[in-house]
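Data block below; observations after.
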Amino acid sequence: MTSDDFAVLILSHGRADNVKTVRTLDRGGYTGKWFIVVDDEDDQKPEYVDRFGCERVVEFSKEEAARITDTMDARPDRGGVVFARNACWGIAEGLGLTHFLVLDDDYSAIEHRYDDGGKLRAMQFPCLDEVFEAFCRFLDVSGALTVAMAQGGDFIGGVGSRNFRSKVLRKAMNSFFCRTDRPFRFSGRVNEDTTAYAMEGNRGGLFLTVADASVTQTMTQKAAGGLTG
């Protein structure tokens, strides 16, 4: 993997004025490529282009994504992030990427989690280029379909918790390091990440979370727009 082969894909819908993840990447010293992924049913696309530039905004067809997506319900509409998640491999291939990281748009921090004298601490990474490269190397050698960073709920119990002591968990939620040549499908309109690692894991797919790194995001269903809408 080289810097030209990797990019961060930030999924967003209806929140052109509040893409926190871009600011978080900048604070973490990330210097690589990143793109805002929007769907062709989002009427805020012009605002995304105005704010981030046309070269940073990638649009996908929600109708085409729906053809390869099982929402696991009978609703006829195309609300939900699952369509964007399933479109990412086609987007990555079109951009000439071998590796990519899928993030939501509401992260306020990407942090290192560590034991400080029996206390679980968090420190904002100052060198995300190196962190992302390490994750991609681990993805390559592990043979996993995807590798994720942990979430706050994974650390209930602090340094004594099983998750923190295990360091590597058999799950993947919310953030996804992926290879373009190892596609898998998300299913379900909500909780699509849990459904993916449960279903694909039962079929032999390897989904991993590294507990030394975590993402901090807006509390579920508190941010306007997006999946909450």
Q) Could you say which residue among 108, 142 is more than 17 Å from residue 215 (Cβ to Cβ), at pLDDT 95 or above, open to solvent by 10 Å² or more (accessible area, probe 1.4 Å) and polar (S, T, N, Q)? A) 142
Q.
Suppose we keep only residues that are open to solvent by 50 Å² or more (accessible area, probe 1.4 Å) and out of contact with any Gly (no Cβ under 8 Å at 6 or more places or on another chain) within region 56-72. Which one would you say is nearest to residue 194 (Cα to Cα)?
A. 68
Q: Tell me which of these residue 89 doesn't satisfy, since it passes every other one: (1) of a type outside the set (D, E, K, R); (2) open to solvent by 60 Å² or more (accessible area, probe 1.4 Å); (3) in contact with a Pro (Cβ under 6 Å, 6 or more places away or on another chain).
A: (2)
Q. Hey, does region 78-85 have a residue that's surrounded by 15 or more Cβ atoms within 10 Å (Cβ to Cβ), closer than 22 Å to residue 58 by Cβ, at pLDDT below 95 and over 17 Å from the mean Cα position of the chain (by Cα)?
A. yes
Q) How do the pairs read when you match residues in region 90-106 that are closer than 14 Å to residue 37 by Cα with residues anywhere that are open to solvent by less than 10 Å² (accessible area, probe 1.4 Å) and part of a helix (DSSP H, G or I), using Cβ under 6 Å and keeping only pairs 6 or more apart or on different chains? A) 100/92; 102/88; 103/21; 105/21
Q: Determine whether residue 190 is modelled with pLDDT of 95 or more and among the β-branched types (Val, Ile, Thr).
A: no
Q: Hey, can you tell me all the residues within region 1-44 that are open to solvent by 60 Å² or more (accessible area, probe 1.4 Å) and either assigned to a strand (DSSP E or B) or in contact with a Cys (Cβ under 9 Å, 6 or more places away or on another chain) (or both)?
A: 1, 33
Q. Which residue pairs have Cβ atoms closer than 6 Å, lie 6 or more positions apart in sequence or on different chains, and pair a first residue in region 16-29 that is at negative phi with a second residue that is part of a helix (DSSP H, G or I)?
A. 16/47; 16/48; 16/51; 28/128
(Q) Can you tell me which of (1) outside any loop (DSSP other than H, G, I, E, B); (2) closer than 29 Å to residue 134 by Cβ; (3) not small (Gly, Ala, Ser) is the one residue 47 doesn't meet? (A) (2)
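The values are calculated or read from the model by the stated rules, or taken from the named source; none is laboratory data. Keep in mind it's a predicted model, so treat the numbers as computed, not measured. Methodologically, a virtual Cβ is constructed for each residue, glycine included, from the backbone with ideal geometry; neighbour enumeration extends over all protein chains shown. Accessible surface areas use protein heavy atoms only, side chains included; no ligands, DNA or RNA. Shrake-Rupley method; radii C 1.70, N 1.55, O 1.52, S 1.80 Å.
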